[in-house]
1. Where the accessible area of the chain is counted over protein heavy atoms with a 1.4 Å probe, how much of it, in %, is carbon and sulfur?
2. So what J values fall out for the range 102-111 if you push phi through Karplus, 6.51 cos²θ - 1.76 cosθ + 1.60 with θ = phi - 60°, rounded to Hz, Gly and Pro as x?
3. For helix 66-93, report the angle its Cα long axis makes with the longest principal axis of the Cα atoms of the chain; keep it between 0 and 90° and round to the nearest 10°.
4. Could you please put 68, 100 in sequence from largest to smallest accessible area, using a 1.4 Å probe?
5. Taking the Cα centre of the chain as origin and charging only Cβ (+1 Lys, Arg; -1 Asp, Glu), how large is the dipole, in debye to the nearest 20?
6. In nm, to one decimal, how far is the residue 35 label point from the residue 109 one, both placed 7 Å along Cα→Cβ?
7. In whole Å, how far is the Cα centre of the range 48-65 from that of the range 72-141?
8. Put 29, 62 in order of accessible area, largest first, 1.4 Å probe: what do you get?
Amino acid sequence: APEQGIKQGMEQIVVEQVSIGECIKAGLRNKFVWVIGIGMGLVFIPSICLSSFLPTALAAERGIDAAVAGTVTSAIMLGNLCGGFIGPVIAAKAGKMKPVLFIFALISAAGTAFGWLAPTGAPMIIILFMDVISTKIFPEL
């Protein structure tokens, strides 16, 4: 690959040009890229599914009015907002990450799987709110 020199002050910095294909190959060979990618997929896919399909599922499967289903689903957006603020605080105060991640993973998994089955109203809103806060905390940790 041809090299180009960039003059900065009195010294010359040599920059090697690398093709995009080489960068993609290097990224695909890196196991940490795969671990982070899969982990983030497992965090965001349930969140996207909840926020996208929950109003329809609540109306079709549970017979809940569309306006109430939308209100319940708004707990997800509020949980995302709060989780973005709470996550860094928990990450800063947590001594050991594995127990914290395990606890929030359990809360998130249970809330995602069963939150929409909770009794309609405040219990469902609280469960979904806590579920999304737990999900949102993962990227912060």
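The values are calculated or read from the model by the stated rules, or taken from the named source; none is laboratory data. A quick note: this is a predicted structure, and the numbers were derived from the prediction, not measured. Backbone-built Cβ (ideal geometry, glycine too); neighbour counts: all protein chains shown. SASA here: full protein model, heavy atoms, side chains in, ligands and nucleic acids out. Shrake-Rupley method; radii C 1.70, N 1.55, O 1.52, S 1.80 Å.
1. On the way: 6610 of 9370 Å².
That fraction is 71 percent.
2. 5, 4, 5, 5, 5, 4, 5, 5, 5, x
3. Compared with the principal axis, the helix lies near 50 degrees.
4. On the way: 68 60, 100 30 Å².
Most to least solvent-accessible, the answer reads 68, 100.
5. On the way: 9 positive and 8 negative charges, 77 e Å.
Its charge dipole is roughly 360 debye.
6. 1.9
7. For the range 48-65 versus the range 72-141, the Cα centre distance is 19 Å.
8. Details: 29 180, 62 80 Å².
So, going from the largest accessible area down, we get 29, 62.
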